[in-house]
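One structure is given below, encoded as structure tokens.
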């Protein structure tokens, strides 16, 4: 395949076939690098990331409950059973809520009863970390979340949402012109459709 001057157009006089690798190499050499643009998360699916995306901070940023229940200190629940219910300090928490500093476990509502005085009656013991998602369990600060060149899908949105700006850098979509040799407009110019 020959190129005609600096126009980047194949010389039509050379009708010989070329290998796929040669054709791809020619296209890569003739195609300019696409620029980057920022898009909102709702417009990101289907686009290609132009930069690596790392965690700005630990994910989750703090210990949090994985279900609704009572936040307690596990050590204080030792010995609790149906025959030996224990009343201990507790605070009601919802799934995803940050644990109080003094708590290290969550007891589901169905496994305890509230006595309306910031205490809960437990009928079974819990272990430290029970029903708790620890700080950094998903990713530590600086950890790689999504690589550059990744086509964004629904499963990436949650990780990309950690960006403070709410926008992500993606490769700008190319503008392509399709020309049909032998067809022309009223002025005699070759027709092209830009997408």
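The values are calculated or read from the model by the stated rules, or taken from the named source; none is laboratory data. Because the structure is predicted, anything quoted here is derived from the model rather than measured. Glycine also receives a Cβ, built like all others from the backbone with ideal geometry; neighbour counts cover every protein chain displayed.
Across region 43-90, the number of residues qualifying as in a strand (DSSP E or B) and in contact with a helix residue (DSSP H, G or I) (Cβ under 9 Å, 6 or more places away or on another chain) comes to 8.
I'd like the residue in region 24-58 that is at pLDDT 85 or above and over 26 Å from residue 153 (Cβ atoms) and, out of all such residues, is farthest from the chain's Cα centre (by Cα). By that ranking, first place goes to 26.
So is residue 78 under 20 Å from the mean Cα position of the chain (by Cα) and at pLDDT 90 or above or not? Step through it out loud before you land on a result.
Numbers: under 20 Å from the mean Cα position of the chain (by Cα): no; at pLDDT 90 or above: yes.
Criteria not met by residue 78.
Residues to consider are 39, 121, 78, 48; find the one that is in contact with a strand residue (DSSP E or B) (Cβ under 6 Å, 6 or more places away or on another chain), outside the structural domain of residue 173 (by TED's automatic domain parsing) and in contact (Cβ under 8 Å) with a residue 24 or more places away in the chain. The match here is 121.
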